[in-house]
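This report refers to the structure that appears directly beneath it.
A short reminder: the numbers here are calculations on the coordinates, not readings from a lab. Worth saying up front: this structure is predicted, and the values here are computed from it rather than measured. We place every Cβ from the backbone using ideal geometry, glycine too, and count neighbours over all the protein chains shown.
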Amino acid sequence: MKQNSENFSPLTRSEFDMLTGSLSRLLSTTSRPVIIPSEAILGIEAIAAGVSAPGRTILNIVTGPYGAIFGKWLARGGAKVVTISTSFDEVVTADEVAAAVDRYKPCALAFVQAEAVTGGSNPASSILQIARQSNIITIMDSVSAIGAEPVLMDKWDIDFVAIGAQKALSGPNGISAVGVSERGWAFLAATEKAPRDSILSLIDLNPDHRAVREQVPANIPILEARALIKTLERVEQEGLPAVNRRHELASSSAIAGIEALGLEPWQRNNKWYSPLVTTVRIPQGSNLNIERPVGIVAPGDGELRDKLLRINHFGANANQESIEEATITLAKLAHRDPHDALLAERSIWENEDGE
Ligand SMILES: *Cc1c(COP(=O)(O)O)cnc(C)c1O
């Protein structure tokens, strides 16, 4: 028996390798992702700090609040930041991205894959294809997308991708990861101003860095690392495609439910509903507003508060019961009988089971 039953012992080499191995499989890449010793936003800030430099033009696509913050960090690094913003009830289109690439000739572009706050998902594979054709470095915030939809790092040729476990994977939030391609590493190495000897330094955290090869980095939080190993084992047991599918069904059934209640999705284009969160438009003068969350139904964040409700059907809540509860909550708020909405929503799950 170990004395230390809570297991605060340092992370072993084999645990470290197990973790980087499962992160590689999670991102469908043969490269080894960087383990970020903190919540996902640190990895995102580290990417911005690593790629931004005076003389560079970077295209930042803003379809929600995280993209807006990323733009500020890029500007801090001295790059010229050109922005495409949408009203947050729409995601960007591939045509808008192609036009901006032609016009500004950026060396890199950045976007959020799935927007947890607005309920939209950007057309990731098309954006990445446009970038590849113009030889542009790509940066994708997939913190909320991972687990809810495919994130194919090698196939889509992504240079920087940030992920976290606490959204669709229902894992710990105190550790996260950034996948970096070979081109991405070369781009960082060519950035004189990229942080070194800093908590924002991806270069220092590179698992293939000599110091990291010699010794497991002491800054990786051990409890979170062990929790993440367990989370990723659970994900592999269920199967990543099955986890993705569960989120898709949660989204389709939530949409079927709200439409049967006579409510309207907040996102305008049904092709780009996020599998993570479904957002419901609050019509003017309606009594759909809520002060605080009721189960997985939550008020909008910040300025979206009076405009939408969010159904947070991700992670452990990407299942039929959670959607049923949310549908009943919405029916009460809208003073509608939930009967038809529940039938509509159930038929989605039952069709799947009957397959
Ligand atoms: C939640 C989220 C983050 C931040 O993740 P933290 O773990 O809270 O730092 C970043 N980007 C997106 C798109 C998110 O949904």
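What is the gain in length, in nm to one decimal, between Ser134 and Arg103 on full extension, counting 0.36 nm per residue of separation less the C-alpha to C-alpha distance?
Values: separation 31, 0.36 × 31 = 11.16 nm, distance 1.21 nm.
Here the answer is 10.0 nm.
Springs join every pair of Cα atoms under 10 Å in this Gaussian network model of the chain, and among Ser144, Ser253, Ser14 the largest mean-square fluctuation is at Ser14.
Please give the length that would be gained between Arg183 and Asn319 if that part of the chain were fully extended, namely 0.36 nm times their separation in residues minus their C-alpha to C-alpha distance (nm, one decimal).
Values: separation 136, 0.36 × 136 = 48.96 nm, distance 3.88 nm.
Answer, rounded to one decimal: 45.1 nm.
So how tilted is helix 339-354 from the main axis of the chain? Cα-based, degrees 0 to 90, rounded to 10. Long axis of 339-354 versus the principal axis of the chain: about 50 degrees.
Modelled spin-label separation between Leu343 and Asp197, with each label point placed 7 Å from Cα along the Cα-to-Cβ direction: 7.1 nm. Between Arg76 and Arg268, full extension at 0.36 nm per residue minus the direct alpha carbon distance yields a gain of 65.8 nm.
Quickly rank 164-172, 343-351 as a protection proxy: mean count of other C-beta atoms within 10 Å, highest first.
Ranked from most to least packed, the peptides come out as 164-172, 343-351.
Taking each of Lys155/Lys307; Lys80/Lys271; Lys72/Lys230; Lys167/Lys332; Lys271/Lys307; Lys155/Lys271 in turn, the alpha-carbon distance tops 29 angstrom for Lys155/Lys307; Lys80/Lys271; Lys72/Lys230. Once the Cα atoms are used to define both axes, helix 320-333 deviates from the longest principal axis of the chain by about 50 degrees.
Count charges around Ala124 for me, please; just the other residues with Cβ under 11 Å from its Cβ, Lys/Arg as +1, Asp/Glu as -1. Local charge sum for Ala124: -2. Taking other C-beta atoms within 10 Å as the exposure proxy, Ser252, Ser125, Ser142 rank Ser125, Ser252, Ser142 from fewest upward. Of the residues Ser22, Val178, Gln284, the one whose Cα sits farthest toward the positive end of the charge dipole of the chain, with +1 on the Cβ of Lys and Arg and -1 on the Cβ of Asp and Glu, is Val178.
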